[in-house]
Amino acid sequence: MAAPGNVARGLKAAISNPNNSEEAKERASERLQEMEQSGELDSPTAHEGNIAIGHKAALRNPNVSEEAKEHSAQVLDDLGRSD
């Protein structure tokens, strides 16, 4: 299953794309509203995914200290998302 944040970004892009039909924009808008109302975008799983993304980025960032990279690697390991 796709990450909720990625789905939301795609829906927002569909809504703002001038090449999409009004029907497609309406469907995307309705799905986005459903996601927001259900709390799907604020779920613990979505939050954990965002944490993992940030730590993965830190591991690849040349401006991040080795100590911080070790911490990020440990967090990812704790989350079961070793890189």
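Using θ = phi - 60° and the Karplus relation 6.51 cos²θ - 1.76 cosθ + 1.60, list the HN-Hα couplings for the range 52-60 in order, rounded to whole Hz, with x at every Gly or Pro.
4, 4, x, 6, 5, 5, 4, 5, 9
Give me the percent of accessible area attributable to carbon and sulfur for the chain, probe 1.4 angstrom. Walk me through the intermediate numbers first.
Working: 2900 of 5990 Å².
In the chain, the share of accessible area belonging to carbon and sulfur is 49 percent.
Mind sorting out which of (i) 3, 11, 18, 20, 21, 18, 7, 1, 0; (ii) 3, 12, 20, 25, 19, 11, 6, 2, 1, 0; (iii) 3, 14, 18, 15, 13, 12, 10, 8, 5, 1, 0 is the real P(r) over Cα pairs in 5 Å bins from 0, in percent computed from the coordinates?
Here P(r) over Cα pairs in 5 Å bins from 0, in percent agrees with entry (iii).
Per DSSP H run of at least 4 residues, take -39500 (n - 2.57); add these up for the chain, divide by its residues and hand me the 222 nm value, nearest 500 deg cm²/dmol.
-24000 deg cm²/dmol
Give me the 1.4 Å probe accessible area per residue for the chain, excluding ligands and nucleic acids, in Å². Spell out each step's value before the answer.
Details: 5990 Å² over 83 residues.
Ligands and nucleic acids excluded, the result is 72 Å² per residue.
The values are calculated or read from the model by the stated rules, or taken from the named source; none is laboratory data. Here the structure is a predicted model, which means the values were calculated and not measured. Calculation scope for accessible area: heavy atoms of the full protein, side chains included, ligands and nucleic acids excluded. Shrake-Rupley method; radii C 1.70, N 1.55, O 1.52, S 1.80 Å.
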